[in-house]
Amino acid sequence: MTEWLRHFAQTLLDACRDMLPIVGIIIAFQLLVIRKPVAHPKKMLIGLTYVTVGVAFFLEGLELALFPLGKLMATQLTAPEFLQVGSLQQAIPWQTYGWIYLFAASIGFATTFAEPSLLAISHKAEEISGGAIQSLGLRIAVSIGVAFGIALGAYRIVTGTQLYYYIISGYVVVIIQTLFAPKLIIGLAYDSGGVTTSTVTVPLVTALGLGLAQAVPGRNPLIDGFGLIAFASLFPIITVLGYAQIAQWWSKKTAS
């Protein structure tokens, strides 16, 4: 317990240090540019304290739970006894890692669907569009995109293929879709790729990528372990644009 408290105190100290530049910039602009005193300084101080302590608890939770969990699942799903192979040193077909792809897709869908930032932006989009964009439909479309992207990223780690093949191909698809997608959805679709890289999704996906790269023979965690977040950001754009195009086509079909 004492060791944990010491470790948490260091994490809290690091969080305070990281928050200082943000607070300094806000106060400097308030006093030097806007030239007005900070409104409700007591409330702001309490709020900053909550944020700093919350960040410290979040970082501690990552170290104690999410990162070890992602690594553990990747290790267990690639164990020779689970894959029913003699040794990981032998050549193993990519199809053997089917459970890894399923787990990657499942965890990608679940974490994205529960992502607070996606929930906020989907509700706001439905409100501003007057119901033309459905919150639930947008969340499902983004979650499917992340699920497919992370599963494909896991396949890339298993096979050892180059990351840029997938990223370049994906953005070519995005550019083509952008030319034909409804203008109402384009900006939202691009933003949807960003909201997936937030508090819930990133830690688990990163841990999964690093754990998988360590478990698969011949992979370098530094080279192959990272990159899953790029998939999680790219493919939701494709699915949201596709969702809008299908909805537009369906509305035209029912109207005719």
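Please verify whether SER122 is over 11 Å from THR196 (Cβ atoms), crowded, with 17+ Cβ neighbours inside 10 Å and free of Cβ contacts under 8 Å to residues at least 60 places away in the same chain, treating the condition exactly as stated. Working first, answer last.
Values: over 11 Å from THR196 (Cβ atoms): yes; crowded, with 17+ Cβ neighbours inside 10 Å: yes; free of Cβ contacts under 8 Å to residues at least 60 places away in the same chain: yes.
Judged against the criteria, SER122 is a match.
Quick one: in segment 10-50, which of the residues that are assigned to a helix (DSSP H, G or I) and small (Gly, Ala, Ser) is farthest from GLU63 (Cα to Cα)?
ALA28
Out of all the residues in segment 182-194, is one or more open to solvent by less than 70 Å² (accessible area, probe 1.4 Å), farther than 19 Å from THR111 by Cβ and touching a Gly at 6+ places or on another chain (Cβ under 8 Å)? Give the steps one after another, and end with the answer.
Going through segment 182-194, the residues open to solvent by less than 70 Å² (accessible area, probe 1.4 Å) turn out to be 182, 185-189, 192-194.
Those still in the list that are farther than 19 Å from THR111 by Cβ too: 182, 185-189.
Keeping just the survivors that are touching a Gly at 6+ places or on another chain (Cβ under 8 Å) gives none.
Checked segment 182-194: no residue is open to solvent by less than 70 Å² (accessible area, probe 1.4 Å), farther than 19 Å from THR111 by Cβ and touching a Gly at 6+ places or on another chain (Cβ under 8 Å).
Would you pick out the residues in segment 33-49 that are open to solvent by less than 90 Å² (accessible area, probe 1.4 Å) and closer than 26 Å to LEU13 by Cα? First the steps, then the outcome.
At the first step, the residues of segment 33-49 found to be open to solvent by less than 90 Å² (accessible area, probe 1.4 Å) are 38-39, 41, 44, 46-49.
Of everything in segment 33-49, those that are open to solvent by less than 90 Å² (accessible area, probe 1.4 Å) and closer than 26 Å to LEU13 by Cα turn out to be VAL38, PRO41, MET44, ILE46, GLY47, LEU48, THR49.
Kindly indicate the residue of segment 125-139 that is touching a residue at least 40 places away in the same chain (Cβ under 8 Å) and surrounded by fewer than 23 Cβ atoms within 10 Å (Cβ to Cβ) and also nearest to ILE223 (Cα to Cα) among those meeting that condition.
Looking at the filtered set, the residue picked out is GLY137.
Just to verify a result, which residue in segment 165-181, among those that are under 24 Å from ASP224 (Cα atoms) and free of Cβ contacts under 8 Å to residues at least 24 places away in the same chain, is most open to solvent (accessible area, probe 1.4 Å)?
Per the stated criteria, the residue is TYR165.
Confirm whether TRP94 is more than 11 Å from the chain's Cα centre (by Cα), at pLDDT 85 or above and either open to solvent by 70 Å² or more (accessible area, probe 1.4 Å) or of a type in the set (S, T, N, Q) (or both).
Taking the combined requirement at face value, the residue does not satisfy it.
Please work out which one of (1) at pLDDT below 80; (2) under 22 Å from the mean Cα position of the chain (by Cα); (3) polar (S, T, N, Q) is the condition SER117 fails and give its number.
The number of the failed condition is (1).
The values are calculated or read from the model by the stated rules, or taken from the named source; none is laboratory data. Quick caveat, the model's predicted, so the values are computed rather than measured. Glycine gets a Cβ as well: all are built from the backbone with ideal geometry, and neighbour counts include every protein chain shown. The area values use the complete protein model at the heavy-atom level, side chains included, leaving out ligands, DNA and RNA. Shrake-Rupley method; radii C 1.70, N 1.55, O 1.52, S 1.80 Å.
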